[in-house]
Ligand code: FES
Ligand code: FE
């Protein structure tokens, strides 16, 4: 039993109960609220260039198909046959005219319409095909090439959902002249942890890099000091957050890929060059942002310096299916793309040496959270309470390195979501 919701978190979420990460009841409630009522990231537009292109995705626990239609629009439908429930799309991505269900070969367009029932020619009665399509997800919108979908037909427009957080997203997703593309298929693997743990880490826990990753990432010598001195955490709308180094106006610091163990002089040069165009195309403020991490509520994360997008898919209170993509500038020289790809592969993804350390921490967190003797002993999320505030250049609430307001605002938003169900009931 989870006690009363009021006991899970204190007023400002500077204390969070361990059960928030382990309770089966809370987990079920999240599936009905957090994953039902928000915008969820499903695919990148570069994966769906042509009509008939599709990718398989998940919205929480629900498998979906994201497909480009002939008219260029994007449709999202639930990947479950209306006859007996099998997944009709059984691969990660591709191009097709039809999905054929493996059980009785009902046929569907990539956008979900039912177009063939072989048995219907031999056995009546007549079937209303429009009634037995793959169920359409009612809302689909994209921004900066990122496609989001929502099960809630009444959800606010995506632009409003993101609010001023778009400023921070733009600084990475619109940074590169020519745009970004996802390279290769998704990497996916299981981690024995709660889905919120990786999310929280990438919303703004930049302080752990010097410690958890201390032996690996301090190859640049002063990199960690630079983070402590220059990094900020920004929350423009509760639940979303960004963390980055914000350089002084007159800084002569070289742009470089901190924490990319495969960085090269060409990559540093390219990033510096891009930075000049950012000052002109976007704003001088965004040019001074040196990327680290960013999150979109509830479960999309970006590691900016490592060029990886990831989604934490819930599977059980203590299990996630983690999905990770390499996202690379389309127009960068081949040598630069190679350095970006090598950095991602060595550092992140299922075999990444830095990823291993994070996964270890999240699994340990879950084990620690499962000690029910400690259910009366909440976690401390109060680092920097009240230190965050308005900033002359940057939208939202801005705090320094180690300020945990990114997590406090995430749990405030999360609490509103999970309690909404109670109000309705
Ligand atoms: Fe799909 Fe029967 S379950 S055709
Ligand atoms: Fe980490």
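Quick note: the coordinates plus some simple rules give every number you see, no bench work behind them. In this text the structure is predicted, and so the values were computed from the model without any measurement. Cβ: placed from backbone, ideal geometry, glycine included. Neighbour counts: every protein chain shown.
Using only Cα atoms, find the angle between the long axis of helix 334-347 and the longest principal axis of the chain, and express it within 0 to 90 degrees, rounded to the nearest 10. Between helix and principal axis, roughly 90 degrees. In the elastic network of the chain, a GNM with C-alpha springs shorter than 10 Å, the most mobile of 136, 67, 149 is 136. Projected onto their three principal axes, the Cα atoms of segment 163-424 cover extents of 53, 41, 37 Å, largest first. Per-residue extension of 0.36 nm, minus the Cα-Cα distance of residue 330 and residue 141, leaves a gain of 65.8 nm for this segment. Largest GNM mean-square fluctuation across 152, 393, 205, computed for the chain with C-alpha springs under 10 Å, falls on 393. Label zone (residue 73, point 7 Å along Cα-to-C-beta; backbone nitrogen cut-off 14 Å) within segment 136-170: 136-142.
Does segment 153-197 classify as rounded, prolate or oblate by the C-alpha gyration tensor (a ≥ b ≥ c root eigenvalues; a/c under 1.5 gives rounded; else a/b over b/c gives prolate, otherwise oblate)?
Working: a/c = 2.09, a/b = 1.17, b/c = 1.79.
Oblate shape, in that a/c is at least 1.5 and b/c is the bigger or equal ratio.
Between residue 107 and residue 31, the modelled labels are 3.4 nm apart [label points 7 Å from Cα along Cα→Cβ]. Using R0 = 30 Å, the C-beta based FRET efficiency linking residue 6 and residue 400 works out to 0.45. Dividing the summed -39500 (n - 2.57) terms of all DSSP H runs of n ≥ 4 by the residue count of the chain sets its mean residue ellipticity at 222 nm at -8500 deg cm²/dmol.
Between the C-alpha center of segment 379-416 and that of segment 67-101 there is a gap of 40 Å.
With the simple model of a label 7 Å out from the Cα in the direction of the Cβ, residue 416 to residue 380 spans 2.9 nm.
Which value in Å does the Kirkwood hydrodynamic radius of segment 321-425 take, with 1/r averaged over all unlike C-alpha pairs and then inverted?
Final number for the Kirkwood radius of segment 321-425 is 18.1 Å.
Highest GNM mean-square fluctuation among 274, 311, 76, for the chain modelled with Cα contacts below 10 Å: 274.
With the largest listed first and rounded to whole Å, the semi-axes of the equivalent ellipsoid of segment 249-394 from the Cα gyration tensor are 33, 22, 13.
Within segment 13-83, the proportion of Cα pairs with more than 15 Å between them is 65 percent. In plain terms, the chain from residue 228 to residue 215 could stretch by 3.0 nm, reckoned as 0.36 nm per residue minus the Cα-Cα distance.
According to the Kirkwood relation over distinct C-alpha pairs, the hydrodynamic radius of segment 40-142 is 13.9 Å.
Projected area of segment 70-201, taken from the Cα convex hull and averaged over every viewing direction, in nm²? Please list the in-between numbers first.
Working: hull surface 46.9 nm².
Computed as one quarter of the Cα hull surface, the answer is 11.7 nm².
The modelled label-to-label distance for the pair residue 130/residue 345, using points 7 Å beyond Cα in the direction of Cβ, is 5.1 nm.
May I ask you to derive the FRET efficiency for residue 279 and residue 183 from their Cβ-Cβ distance with R0 = 30 Å, giving the value to the nearest 0.05?
Given R0 = 30 Å and the Cβ-Cβ separation, E is 0.65.
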